[in-house]
Amino acid sequence: MIKNKILILMGPPGSGKGSYSKKISLKYKIPTYSTGEHLRNIIKSPNSNENSEVISTIKSKFNIDNVPSYLSNIIDKGGLISKNIMDQLMISFFSQLSKSDANSCILDGYPRTIEQASSFESTFNRKIDLAININQDYDIITKKLLGRRVCTNCFTGYNVSHINEKGYVMPSLLPKKEGVCDKCGSSLSLRADDTEEVIKERLKTYDLKSKSVIDYYDKKGVLVNSEMKRGYDDIDILYKIVNERLISI
Ligand code: AMP
């Protein structure tokens, strides 16, 4: 069992962080937490028990009237949610995590700025044990994001783009029945931020705000770079890194 460890998956939007986190999570039996997925879930189901609590905290602390629409306005334009709001999400996630036996997790999409990285350390008094950075060509990323389809209910991801160029071989990942999720039967849709215009903005935001976080973890000696040019066919590369860096023999 991986105990008391935190792994983060880093890389530009569309590099596959979410999909790979879920694979690692299943293999090593540690939870994965995607801030982007949590934010989308708050927007989609603001009245669920877990979401209404975090929404009312954000509403009262930061004086925001309509939290879901405030969040979707930022996300749908390719911007970043403020550090203070992200702190609230992380506090609620870590209060649950600390009750688990292993107290380990994978973070997907957080920290995304230097501010968030240092706030994480001071708020939770925990360090990142391993940061895997997935580098990918921006043209490939754009094609992949435009082909992405996501289940509107359980958020399982599919992809209709077939990529075979610049050394990247990533076959499409299609559901058995077009437009329908294999796992829960709900309909698939495009994410609101997966349009050409917003993808450009998200990559710009990544260059401006998130790239520096790679250096931050490199200086701390916990960074490993990877390319994942064959998608899931390269997943063993990530398992090997996790085995070598997080599992003490
Ligand atoms: P993702 O699913 O990781 O691509 O995230 C989707 C969107 O959610 C991002 O483009 C941001 O608008 C927002 N988001 C997710 N994680 C963070 C974060 N750590 N800090 C700020 N905004 C975030």
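The values are calculated or read from the model by the stated rules, or taken from the named source; none is laboratory data. Model, not experiment: these values are computed from the prediction. Neighbour counts are summed over all protein chains in view; Cβ atoms, including those assigned to glycine, are modelled from backbone coordinates with ideal geometry.
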Strands (runs of 3 or more DSSP E) fully within the range 131-249 counting 1 or more residues that are among the small types (G, A, S): 157-159, 223-226
Filtered residues of the range 20-30 (kept if surrounded by fewer than 19 Cβ atoms within 10 Å (Cβ to Cβ) and within 16 Å of the ligand (Cβ to nearest atom)): K22, S25
Pairs with Cβ under 6 Å, 6+ apart, first in the range 170-191 and within 16 Å of the ligand (Cβ to nearest atom), second modelled with pLDDT under 95 and assigned to a loop (DSSP other than H, G, I, E, B): S189/T152
Residues that are hydroxyl-bearing (S, T, Y) and either within 12 Å of Y110 (Cβ to Cβ) or more than 8 Å from the ligand (Cβ to nearest atom) (or both), drawn from the range 73-92: S92
Listing of helices (runs of 4 or more DSSP H) fully contained in the range 1-115 that carry 3 or more residues being touching a Ser or Thr at 6+ places or on another chain (Cβ under 9 Å) and farther than 28 Å from E197 by Cα: 17-28, 49-62, 83-97
Every residue from the range 107-133 that is of a type in the set (A, V, I, L, M, F, W, C), within 13 Å of the ligand (Cβ to nearest atom) and surrounded by 19 or more Cβ atoms within 10 Å (Cβ to Cβ): L107, A117, F120
Close pairs from the range 139-166: first small (G, A, S), partner assigned to a helix (DSSP H, G or I) and at pLDDT below 95, Cβ under 8 Å, at least 6 apart: G157/G18; G157/S19
Enumeration of residues in the range 106-140 that are acidic (D, E), at pLDDT 95 or above and farther than 19 Å from N243 by Cβ: D108, E115, D137, D139
Condition met for S104 (of a type in the set (G, A, S) and exposed (fewer than 13 other Cβ atoms within 10 Å of the Cβ)): no
Answer from T205, T195 - the residue that is of a type in the set (S, T, N, Q), at pLDDT 95 or above and surrounded by fewer than 17 Cβ atoms within 10 Å (Cβ to Cβ): T195
Pair list, Cβ under 7 Å, 6 or more apart: the range 71-87 residue under 13 Å from E115 (Cα atoms) and without any contact (Cβ under 8 Å) to a residue 24 or more places away in the chain, other residue within 6 Å of the ligand (Cβ to nearest atom) and part of a loop (DSSP other than H, G, I, E, B): none
From the options N66, N49, N41, residue that is at pLDDT below 95 and more than 15 Å from the ligand (Cβ to nearest atom): N49
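Regarding the range 2-25, can at least one residue be identified that is in contact with a Pro (Cβ under 8 Å, 6 or more places away or on another chain) and of a type in the set (S, T, Y)?
Within the range 2-25, the first condition is being in contact with a Pro (Cβ under 8 Å, 6 or more places away or on another chain), and the residues that meet it are 8, 25.
Subsequent filtering for residues that are of a type in the set (S, T, Y) retains 25.
Yes, there is a match, as at least one residue in the range 2-25 is in contact with a Pro (Cβ under 8 Å, 6 or more places away or on another chain) and of a type in the set (S, T, Y).
Without any contact (Cβ under 8 Å) to a residue 40 or more places away in the chain and within 28 Å of L130 (Cα to Cα): which single residue out of K220, K204, K211 fits that description?
So the residue among K220, K204, K211 that is without any contact (Cβ under 8 Å) to a residue 40 or more places away in the chain and within 28 Å of L130 (Cα to Cα) is K211.
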